[in-house]
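Worksheet: one structure, shown below.
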Amino acid sequence: MKTFEVYPLFDIEPVKALGSNLWDVNGQQYLDLYGGHAVISIGHSHPYYIQKIEQQLRQIGFYSNSVKIPLQEELANKLGEQSGYPEYELFLCNSGAEANENAFKLASFHTGKKKIIAFNNSFHGRTSLAVEATDDAKICAPVNQTGNVIFLPLNEEAVLESAMNEEIGMVIIEGIQGVGGVNIPTPGFLQKIRNLCNACGAIMIVDEVQSGYGRSGKFFAHQYANIKPDLITVAKGMGNGFPVAGVLISPKFKAKHGILGTTFGGNYLACAAAIAVLDVIKKENLPEQAKQSGNELMHALKQNPLVKEVRGKGLMIGIEFDFPCHEIRKKLLFEHHIFTGSASHKNTLRILPALNITQRELAIFLEAFEKVTHSQKTIS
Ligand code: PLP
């Protein structure tokens, strides 16, 4: 059997990784400023993380959610404390799409309403919201698969206000849009959503799958707006590569046996990985590191004359050019051995490194970026 080929692949086979570095099968070293779609939060193969997972694997790796798993409680307590949401409850699952699907279910059970507001250029995973591959981008464009979704422009308060009514059951927004090209909702826009959801009896869901876990310089990107969503979805950086995800659920929802469920969600190994990540985030003060490194990096990038705009918070950064930047990305990878990311908006290069990437590693990237953009300028 062969694999069902849905991904365009680089001809690179990583066999080893440490911190912000990867090595391929030929021994070539790469600097990782992408972390496999923002997944690597504490660095590849962090020794504490390895130790925690190894130790757990020797004890017990899996049993179903029909028995007590105290690690789930430890994880919920630590996440509640570190994220500033101790009063919320945690439902554990396995991926970002699954976390969002569970959030949709909770919201529609709670309100009895099906209509959803989402935003242009958003990406919430392969959910019922949903997505369709576009031929050229090989990424995804939202389509209204269920017929219940209204897509609105980001940050346009008047448009939102006129679309919002008693029929809307939920509004979902990314803390910072990732795949769509690092677009940041303004604090005022998030506050407007919060107020309109309260007024119309709708649930506010913030998808922090990519922007969460310290990447933005705060634990969650929406915390820059001083609001509290009803549901927050998390994944990616939560497990640093181990598939684990969750929904943080406000006290307005009451748990009832059977309303949600999963076989693998909250398994011992996933919990051990997620606890290790939180321990490292706390010990190494990673949100603060992300904020400082991100500010310095964005400042340096803005000096480059070929760069049209730099958007971002912490280490979730989009570099925008006046032209499609796939050549720049390819040169960074194949000439300088540096991984960066693309976006559905072809002029945007995405930078999503581990939160503890070093100053030296960022300097290596900046030097390569200078060379690549300089040669691009000379060609054009
Ligand atoms: N939500 C956001 C904001 C994402 O960026 C992604 C993945 O890129 C998802 C949800 C889906 O996560 P997963 O691929 O784990 O299902």
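See the values below:
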item: Under the span-like rule (Cα at least 15 Å along the axis, Kyte-Doolittle mean at least 1.0), DSSP H helices of the chain; result: 268-283
item: Theoretical gain in end-to-end length, Phe323 to Tyr48 [0.36 nm per residue, Cα-Cα removed]; result: 94.8 nm
item: Computed accessible area, Arg311, all protein chains, 1.4 angstrom probe, square angstrom; result: 30
item: Listed residues Asp11, Asp230, Asp322 arranged by accessible area, highest first, probe 1.4 Å; result: Asp11, Asp322, Asp230
item: Packing-based ranking, highest mean first, of 24-37, 280-293 given that Cβ atoms within 10 Å are counted; result: 280-293, 24-37
item: Point-to-point label distance, Val159-His37, nm (Cα→Cβ direction, 7 Å offset); result: 2.6
item: Amide H contacts of Ser95 (H built 1.01 Å from N, under 5 Å, at least 5 apart or other chain); result: Ala245
item: Sequence of Glu81, Glu73, Glu320 from largest to smallest accessible area, 1.4 Å probe; result: Glu73, Glu81, Glu320
item: Cross-link table Lys282/Lys346; Lys78/Lys256; Lys114/Lys218; Lys192/Lys282; Lys16/Lys283; Lys52/Lys302, entries beyond 29 Å C-alpha to C-alpha; result: Lys282/Lys346; Lys114/Lys218; Lys192/Lys282; Lys52/Lys302
item: Taking the stretch 206-330 and dividing mean pair separation by its residue count, relative contact order in percent (alpha carbons under 8 Å, at least six apart); result: 25
item: Förster-model FRET efficiency, 45 Å R0, Gln29 and Gln191, C-beta, rounded to 0.05; result: 0.50
item: Accessible surface of the stretch 47-283, 1.4 Å probe, proportion on carbon and sulfur as whole %; result: 53
item: Solvent exposure of the chain as accessible area per residue, Å², 1.4 Å probe; result: 46
item: Formal net charge of residues neighbouring His337 (Cβ-Cβ distance under 11 Å; K, R +1; D, E -1); result: -2
item: Euclidean distance of C-alpha centroids, the stretch 24-59 and the stretch 288-364, integer Å; result: 21
item: Sites Leu9 and Ile259, calculated FRET efficiency, Cβ-Cβ separation with R0 41 Å, nearest 0.05; result: 0.55
item: Most to least accessible of Ile364, Ile117 (protein chains only, probe 1.4 Å); result: Ile364, Ile117
item: Accessible-area value, Ser342, 1.4 Å probe, nucleic acids and ligands omitted, Å²; result: 40
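The values are calculated or read from the model by the stated rules, or taken from the named source; none is laboratory data. None of these values were measured; they are calculated from a predicted model. For neighbour counting, all protein chains shown are included, and Cβ atoms are generated from backbone atoms with ideal geometry for every residue, glycine included. For accessibility, only protein heavy atoms count, side chains too; no ligands or nucleic acids. Shrake-Rupley method; radii C 1.70, N 1.55, O 1.52, S 1.80 Å.
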